[in-house]
Each structure stands twice: as C-alpha cells, then as structure tokens.
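Read through the structure below, which is laid out as structure tokens, and then see the notes.
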Amino acid sequence: MPLFGNSFSPKKTPPRKWSSLSNLHLLDRSTREVELGLEYGTPTMNLAGQSLKFENGHWVSESGSFLGDRRELQRLRKRNQQLEEENNLLRLKVDILLDMLSETTAESHLMEKELEELKHHSRKKK
C-alpha cells in the first residue's frame, strides 16, 4: 500500500477540438479553388523583354515577334550542325595524325635498335 497515494497515474486528456473551425474543407474542389484563390492560370515569365507562357509542356512566346526567333533558331541550328561536322572532321584528322606519329615513332625505335645491334656486332668482329 503506497504512502502518498497513486500520484503517478496519468489523468485522462480532454477530447481534442477540430484544428480548424472552418468549413472550407467540406466544400467541393471547384468551390474551394474559388474561395481560396487556388486557380493560378498558366505560368508566365519575362526573359530579356520577351514574355513567355507555359502551355502543353513547352514555353511559348506571347508576343507576335516569335517568327524572327524561329528564323534565328533555325540559323543557330544550322550553324551548330556545321560546327559539329567541322569538329568531327578535326577529330578524324587528329586521330590520323596520332596514328602517323605512333607509326613513325615505332619505326624510329626499330631503326635505333637495328643500329645498336649493328654497332655491337661490328665491335665483336674487331
């Protein structure tokens, strides 16, 4: 039998109230969007003075000067392709030059080895 009683038994906690007394959570989605302002519309941004909006997974220009941008884009793509072809040609040339260098280096080593053998052979005869 405890001397001071059962002071360590926990007391019952009172039932909790709703965290929000608002009834907006009971509304359907469209009403909730209107009430809470959740309808954002299409995302837009402004880059270098040109306004763009995001539609169907792509950024589209809102201004009418997009035709000039398309021509510029085509010109840049053509230039990029030319540079890639030139880069491939230069890589091929570098590979050929490296093959030529390794071939001449191997021939040079063989000639040096033959020369050393000839010198060594001629010394033995004397």
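The values are calculated or read from the model by the stated rules, or taken from the named source; none is laboratory data. All values reported here derive from a predicted model rather than from experimental measurement. No Cβ is skipped: glycine too gets one built from the backbone with ideal geometry, and neighbour counts run over all protein chains shown. Heavy atoms of the whole protein, side chains included, go into the accessibility calculation; ligands, DNA and RNA do not. Shrake-Rupley method; radii C 1.70, N 1.55, O 1.52, S 1.80 Å.
Expressed as a whole percentage, what fraction of the accessible surface of region 66-125 belongs to carbon and sulfur atoms when a 1.4 Å probe is rolled over the protein heavy atoms? Ligands and nucleic acids excluded, carbon and sulfur give 57 percent.
Rounded to whole numbers, the Karplus 3J(HN,Hα) couplings from phi for region 118-125 are 5, 5, 5, 5, 5, 5, 5, 5 Hz, using 6.51 cos²θ - 1.76 cosθ + 1.60 with θ = phi - 60°, and x at Gly and Pro.
Multiplying the residue separation of Glu84 and Arg16 by 0.36 nm and subtracting their alpha-carbon distance yields 17.6 nm.
Averaged over its residues, region 53-125 has an accessible area of 97 Å² per residue, based on protein heavy atoms and a 1.4 Å probe.
Each Lys and Arg Cβ is given +1 and each Asp and Glu Cβ -1; about its Cα centre, region 66-125 then shows a dipole of about 180 debye.
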